[in-house]
2 protein chains.
Amino acid sequence: METVPKEEIEKRISRFQAQLVAGSLDGAFILQNADLFYFSGTIQTAVLFVPAKGDPILMVQKNHERAQLESSLNHVIAVKNKNRIPQVLNDFKFDQIAAAGLEMDVLPTNLYLWFQQTLPSCRWADISGIIRKLRMRKTDYEINQIEKATAILHTGLTQIKSVIREGMTELEIDGHLAMIARREGHMGTLRMRGWNQEMTYAHVLSGDSGSTVSLLNSPHGGTGNTPAMAQGAGFRRIKKNEPIGIDYGVAINGYVGDQFRTYVIGDLSDPLKKAYACARDILSLLTEKAQVGVRCAELYAAAVAKANEEGLGDFFMGYGAGQVKFIGHGIGLEIDEYPVISPHFDAVLEKNMVLALEPKFVFPQKGVVGLEDDYQVTSNGLRRLTRTDQDLIQI
Amino acid sequence: METVPKEEIEKRISRFQAQLVAGSLDGAFILQNADLFYFSGTIQTAVLFVPAKGDPILMVQKNHERAQLESSLNHVIAVKNKNRIPQVLNDFKFDQIAAAGLEMDVLPTNLYLWFQQTLPSCRWADISGIIRKLRMRKTDYEINQIEKATAILHTGLTQIKSVIREGMTELEIDGHLAMIARREGHMGTLRMRGWNQEMTYAHVLSGDSGSTVSLLNSPHGGTGNTPAMAQGAGFRRIKKNEPIGIDYGVAINGYVGDQFRTYVIGDLSDPLKKAYACARDILSLLTEKAQVGVRCAELYAAAVAKANEEGLGDFFMGYGAGQVKFIGHGIGLEIDEYPVISPHFDAVLEKNMVLALEPKFVFPQKGVVGLEDDYQVTSNGLRRLTRTDQDLIQI
C-alpha cells in the first residue's frame with residue numbers, strides 16, 4: 001500500500017509551522033480526517049499536535065500499530081484515552097501552550113469545549129482558513145495522485161457510453177459508474193469539507209432532473225429518489241434526445257478527480273447544442289485566461305461575459321434562485337477546496353493550484369448541459385489533467 | 001417521491017417538546033442532516049427551531065421550494081442569510097429564549113460560536129443525547145422503511161453469490177454490491193454520527209484482510225487500498241477455502257439496513273467452521289434473551305459467556321487491542337444509533353427499538369467469520385427484519 005512520502009509530510013508541516021509562527025500561535029491540534037492525513041499520512045483515530053517549532057506528536061487512540069506503519073512522523077504515540085493528552089504534551093516539554101489553533105469550521109462543539117476545559121489557560125484560534133490556503137498549492141506528488149484519479153474518471157466516462165440505453169434508470173447508470181470506480185481503486189468516499197454536504201459517487205441527471213435545484217452548492221443537484229438524500233440519480237428513465245449530465249468523482253490515495261460530461265441518445269435540440277458549444281467556448285476562454293497572477297473574480301467575470309454575449313446568461317450555472325456564483329473550485333483531499341473561481345473569492349491563481357472548471361447551462365424542465373475538467377496551474381498556463389474528449393457524447 | 005407523513009413529524013416533535021420542557025429548555029436549534037430529516041422531513045439547507053411549546057419554524061437557506069414540497073411543517077420560511085434568524089424568531093414571538101439546545105456532538109464549533117454571538121443572553125445545552133434516545137424507539141413507518149432496506153440487502157447478498165470467483169479482487173465484489181444497491185434504490189450514503197467515521201457501501205474482507213484492525217469502532221475494518229481511507233475492500237484477490245466477510249449497508253428514505261454474511265469458495269477449516277457455528281448459536285441465544293426490559297449489558301454478557309464456554313473468547317468481536325466491547329447497535333437514520341449492546345450502555349430494551357446484532361470472530365491472519373441481522377424489539381421478543389438464510393454461504 002502506498003504511504004505518503006516522508007519529505008511530503010515534512011514540507012507540509014514546515015509550511016504550516018511558518019503560518020503558526022506568523023499567527024503568534026504556539027501550535028495547533030489537528031483532528032479531521034482530511035487534515036490529519038495531509039499532515040501525518042494516516043487517518044487512524046488520533047489527535048495531532050503540531051507545535052510552532054519542533055516535532056509534531058501524533059497521539060493515537062485507534063489503531064496505534066497501523067498509524068505507525070502509515071505515518072512517517074517521528075512521534076507516533078499510543079494514547080488510548082484523550083484525557084492523557086496534557087500529560088503527553090508535558091512529557092514533550094510543550095507545557096506552556098498559551099495560544100493554539102483548532103479546525104473550528106469542522107470540529108464538533110463538544111470537542112472544542114473539551115479542549116477549552118482541558119487546557120483552560122489556552123487561547124483558541126480558528127486555523128481552518130490557514131490550512132485550506134496551505135492545501136491550495138499542490139506538490140508534484142499530489143498532482144500525480146489527482147492524475148491517477150482522472151485516469152479512472154476517463155475509464156468510467158468512456159465505458160459508460162456502451163452501457164447507457166433508452167429506458168434505463170439513472171440509478172442503473174450510477175450503479176455502473178460506482179462499480180467501475182471501485183474496481184479501478186476508488187477509495188470509496190469523496191470528502192467534502194462543507195457542513196452537512198454529502199456526496200455520492202456520481203450524479204446522473206437526465207432531462208428535467210438536471211434542472212432540479214438542490215441543497216448543494218452546485219448548479220445542478222438532481223432529485224435523487226428520496227428527500228432524505230435529495231440529490232443525484234433517481235428512478236427516472238432515460239429518454240432519447242435529452243441531455244444526460246454525468247458528474248463523476250473518484251479518489252485515489254485521498255485525492256479527488258472531478259469531471260462532468262454531457263451524453264445524449266440521439267441528438268439535442270439546437271438551443272441545447274448551442275449552449276453546449278458555448279460552455280465549451282467558455283472553458284477554452286478560461287484555459288487561455290487562467291495564468292498565474294490572474295484574479296479568480298476576473299476569470300469568473302470573463303465566463304459570465306461570454307455567456308451573456310451569447311444571450312445565455314440567465315441559464316449560466318443554474319437559473320433563478322438556483323444560480324450559483326462560481327465556475328470552478330480547487331480539488332485535492334476534498335472536493336470543495338480553495339480557490340473558488342467566484343466574484344467573492346479574493347485571491348489570484350498560483351502555481352500548482354489544481355482547479356475543476358465547470359461551465360454549465362441549466363434550462364428549466366430541459367436539463368443541464370456543459371462539461372468539467374481538472375487543470376493544474378503552471379507557469380505556462382493551465383495543464384489539463386483529465387483526458388476525455390470535450391465533445392458532446394452522442395450514443 | 002415518498003415524503004415523511006405529517007403525523008410522523010407531529011409525533012416526533014411532540015415527544016421532543018416534552019423532553020425540552022423536562023430539561024427546562026425554551027427550545028432547540030436543529031441543523032444536522034439526519035436530525036433535520038427526522039424532525040422536518042427535509043435536508044434542504046436550513047435551521048429548524050423547535051420551541052418547547054408551539055409550532056416549529058424551518059428557516060431554509062437553500063432550496064426553499066423543495067423544502068416546502070418535502071416538509072409537512074406549517075412554517076417553512078425562506079431565510080437566505082442566517083443572520084436574519086433572530087428577526088424571524090422575533091416575528092414568531094420567540095424573543096425570550098433564555099436556554100436552548102444544540103446538537104453539540106456534531107455541530108461545528110464555528111456554528112456554535114455563531115449561536116453564542118447571535119443570541120448572547122441564551123444558555124446553551126447539548127441535546128444530542130436526548131435526540132439519540134428519542135430516535136431509539138421507531139414507529140411502524142420507520143420499521144417499514146428499514147424493511148425496505150433489508151429487502152435490498154437480501155437481493156445483493158443473494159446475487160453476489162454468483163459473482164464471487166477465485167482470483168477476483170475484493171474491490172470488484174464491492175463494486176458489484178454498490179451497483180446492485182444503487183440500482184435497487186439505495187439513496188447513496190450511509191450516515192454515521194460518530195466524528196470522523198466514514199462508511200463505504202460495503203466491506204468485503206477476505207482472509208487476512210478480515211483480521212486487520214482499523215480506526216472503526218468495529219471488530220473488523222479491512223485494509224482498504226490506501227491509508228487515506230484505511231477500511232473496506234482492497235486489491236487483495238479472493239482465494240479458495242478462506243472466509244470472505246461481507247458487511248453490506250443500504251439506506252431507503254434515510255433508513256439503514258445493515259447485514260453481514262460469511263462466504264467461502266470451497267470450505268473453511270474446522271476451527272473456523274466451529275467459530276461460525278458458535279456465532280450462529282450466540283445469535284440464537286440473543287434472540288431468545290432479548291425481551292423488553294432486558295439490560296443491554298446483560299445481553300452482552302450472555303454472548304461473551306457463550307463465546308468463552310466454547311473457548312473462543314479471545315477472538316470474539318476482535319482480538320487483542322482490536323477487540324470491541326459491543327455485539328450490536330441500533331440502526332435508523334444513522335448506522336451507529338442507540339442502543340449499544342455493550343457493558344457500558346446503561347439501558348434496557350424497549351419496544352420498537354431496532355437492533356443490528358453481529359456476533360463475529362476474528363482470527364489473526366485467518367480472517368473474520370460470523371453474521372449480522374436486523375431485529376425489531378416487540379412485546380413478544382425479537383422479530384427478524386432481514387431475510388437471508390443464516391448458514392455459512394458456500395460457493
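The values are calculated or read from the model by the stated rules, or taken from the named source; none is laboratory data. Note that the structure is predicted; figures quoted are calculated from it, not measured. Using ideal geometry, Cβ is built from the backbone for each residue, glycine included, and neighbour counts are taken over all protein chains shown.
Which one of A:Arg236, A:Arg182 is within 12 Å of chain B (Cβ to nearest Cβ) and surrounded by fewer than 24 Cβ atoms within 10 Å (Cβ to Cβ)?
Answer to the selection: A:Arg236.
Out of region B:119-175, which residues are within 14 Å of another protein chain (Cβ to nearest Cβ), of a type in the set (A, V, I, L, M, F, W, C) and free of Cβ contacts under 8 Å to residues at least 60 places away in the same chain?
Answer for region B:119-175, where residues must be within 14 Å of another protein chain (Cβ to nearest Cβ), of a type in the set (A, V, I, L, M, F, W, C) and free of Cβ contacts under 8 Å to residues at least 60 places away in the same chain: B:Trp124, B:Val163.
So if I check each of B:Lys360, B:Lys366, B:Lys325, B:Lys351, which one is touching a residue at least 24 places away in the same chain (Cβ under 8 Å), crowded, with 24+ Cβ neighbours inside 10 Å and among the basic types (Lys, Arg)?
Within the list B:Lys360, B:Lys366, B:Lys325, B:Lys351, the selection yields B:Lys360.
If A:Met229 satisfies every condition in (1) within 7 Å of chain B (Cβ to nearest Cβ); (2) in contact with a Pro (Cβ under 8 Å, 6 or more places away or on another chain) but one, which is the exception?
With respect to (1) within 7 Å of chain B (Cβ to nearest Cβ); (2) in contact with a Pro (Cβ under 8 Å, 6 or more places away or on another chain), A:Met229 is out only on (2).
Mind listing whichever residues of region A:54-63 are closer than 19 Å to A:Lys6 by Cβ and either basic (Lys, Arg) or touching a Phe, Trp or Tyr at 6+ places or on another chain (Cβ under 7 Å) (or both)?
Of everything in region A:54-63, those that are closer than 19 Å to A:Lys6 by Cβ and either basic (Lys, Arg) or touching a Phe, Trp or Tyr at 6+ places or on another chain (Cβ under 7 Å) (or both) turn out to be A:Pro56, A:Ile57.
Looking at A:Phe49, is it in a helix (DSSP H, G or I), out of contact with any Lys or Arg (no Cβ under 7 Å at 6 or more places or on another chain), in contact (Cβ under 8 Å) with a residue 24 or more places away in the chain and closer than 29 Å to A:Asp336 by Cα?
Criteria not met by A:Phe49.
Across region A:52-66, what is the number of residues that are over 15 Å from A:Gln96 (Cα atoms) and part of a loop (DSSP other than H, G, I, E, B)?
3
Looking at (1) within 13 Å of chain A (Cβ to nearest Cβ); (2) modelled with pLDDT of 95 or more, can you tell me which one B:Asn63 breaks?
Among (1) within 13 Å of chain A (Cβ to nearest Cβ); (2) modelled with pLDDT of 95 or more, the lone unmet condition for B:Asn63 is (2).
Being part of a helix (DSSP H, G or I), within 14 Å of another protein chain (Cβ to nearest Cβ), surrounded by fewer than 23 Cβ atoms within 10 Å (Cβ to Cβ) and of a type in the set (Val, Ile, Thr) is true for just one of B:Ile9, B:Ile13, B:Ile85. Which residue is that?
B:Ile9
Please indicate, with yes or no, whether at least one residue in region A:50-59 is of a type outside the set (Asp, Glu), away from chain B (no Cβ under 14 Å) and touching a Ser or Thr at 6+ places or on another chain (Cβ under 7 Å).
Within region A:50-59, none of the residues are of a type outside the set (Asp, Glu), away from chain B (no Cβ under 14 Å) and touching a Ser or Thr at 6+ places or on another chain (Cβ under 7 Å).
List the number of the failed condition for B:Thr42; all other conditions in (1) in a loop (DSSP other than H, G, I, E, B); (2) more than 28 Å from A:Glu198 (Cα to Cα) hold.
Condition (2) is where B:Thr42 drops out.
Within the group B:Leu357, B:Leu349, B:Leu312, which residue is assigned by TED's automatic domain parsing to the domain that holds B:Gly381 and touching a Ser or Thr at 6+ places or on another chain (Cβ under 9 Å)?
B:Leu357
Residues in region B:311-320: is at least one assigned to a helix (DSSP H, G or I), at pLDDT below 95 and out of contact with any strand residue (DSSP E or B) (no Cβ under 8 Å at 6 or more places or on another chain)?
Yes - at least one qualifying residue is present in region B:311-320.
Could you please tell me which pairs satisfy a Cβ distance under 9 Å, a separation of 6+ or placement on different chains, a first residue in region B:276-297 that is in a helix (DSSP H, G or I), and a second residue that is among the hydroxyl-bearing types (Ser, Thr, Tyr)?
Hits for this filter: B:Tyr276/B:Thr262; B:Ala279/B:Thr262; B:Leu286/B:Tyr375; B:Thr287/B:Tyr375; B:Cys296/B:Ser342; B:Ala297/B:Ser342.
Taking the condition over 14 Å from the mean Cα position of the chain (by Cα) and more than 7 Å from chain B (Cβ to nearest Cβ), does A:Asp208 pass?
yes
Residue by residue, here is whether (1) under 30 Å from B:Ile43 (Cβ atoms); (2) assigned by TED's automatic domain parsing to the domain that holds A:Tyr338; (3) touching a strand residue (DSSP E or B) at 6+ places or on another chain (Cβ under 6 Å); (4) not hydroxyl-bearing (Ser, Thr, Tyr) holds:
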{"site": "A:Ala100", "(1), (2), (3), (4)": "no, no, yes, yes"}
{"site": "A:Arg123", "(1), (2), (3), (4)": "no, no, yes, yes"}
{"site": "A:Gly129", "(1), (2), (3), (4)": "yes, no, no, yes"}
{"site": "A:Asp174", "(1), (2), (3), (4)": "yes, yes, yes, yes"}
{"site": "A:Ala178", "(1), (2), (3), (4)": "yes, yes, no, yes"}
